[in-house]
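Heads up: the structure comes next, in C-alpha cells.
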Amino acid sequence: MQNLISLSFTTEELATIDEAIATLKTAFARFVTLQPGEVRGTSMGEKSEAFCRQALQVLQANPQIVPASLGLDEALADLTALDALRPRLVQLRQLVERAQDTEMALGAD
C-alpha cells in the first residue's frame, strides 16, 4: 500500500473552500458557456493572435482609417479583458491540477 498523501479537512477549512468557490461563482457570473458547435472557430493560434494584436495597435493609432461601425472600441476592450483574465486562468488551472492530483493520490492510497 502506498501513502502518497495524508489529508483530512476541518469544518472550517471546508467552509473556507466552499466560500471561495461561491465567491468565484459570483465573480464568473458574466462569463459565457459556449456550446460544442460554438467552440470551433472561436480561438486563435499564436500567430493569428499576434497579427490581430498588431492590427488593433495600428487601428488604435489610426482610428480614422476604419468606420466607427467596425467596433474598434469593443475589440480593444475585449483584448484588455483577455489580457486581464489569462494570468488568473493560469492560477485557477494550477489549483484545479493540484486538486485533481490530490484526488488521484487519495484514491490510490
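The values are calculated or read from the model by the stated rules, or taken from the named source; none is laboratory data. All values derive from a computational prediction rather than experimental measurement. Every residue, glycine among them, receives a Cβ derived from its backbone with ideal geometry; neighbour counts consider all protein chains shown. To get the accessible areas, we keep the full protein, side chains included, count just its heavy atoms, and leave off ligands, DNA and RNA. Shrake-Rupley method; radii C 1.70, N 1.55, O 1.52, S 1.80 Å.
Observations, loosely collected:
- For region 27-44, the set of residues classified as of a type in the set (D, E, K, R) and loosely packed, with under 10 Cβ neighbours inside 10 Å consists of R30, R40, listed by residue number.
- Total residues in region 52-109, condition in contact with a helix residue (DSSP H, G or I) (Cβ under 8 Å, 6 or more places away or on another chain) and more than 25 Å from R30 (Cβ to Cβ): 4
- Restricting L24, L7, L14, L59 to residues that are assigned to a loop (DSSP other than H, G, I, E, B) and either open to solvent by less than 90 Å² (accessible area, probe 1.4 Å) or not small (G, A, S) (or both) narrows the list to L7.
- Failed condition for K47, given (1) surrounded by 10 or more Cβ atoms within 10 Å (Cβ to Cβ); (2) in a helix (DSSP H, G or I): (1)
- Residue match in region 86-99 (condition: over 17 Å from the mean Cα position of the chain (by Cα), acidic (D, E), modelled with pLDDT of 95 or more and open to solvent by 80 Å² or more (accessible area, probe 1.4 Å)): no
- Selection count, region 62-80, where residues are in a helix (DSSP H, G or I) and open to solvent by less than 60 Å² (accessible area, probe 1.4 Å): 5
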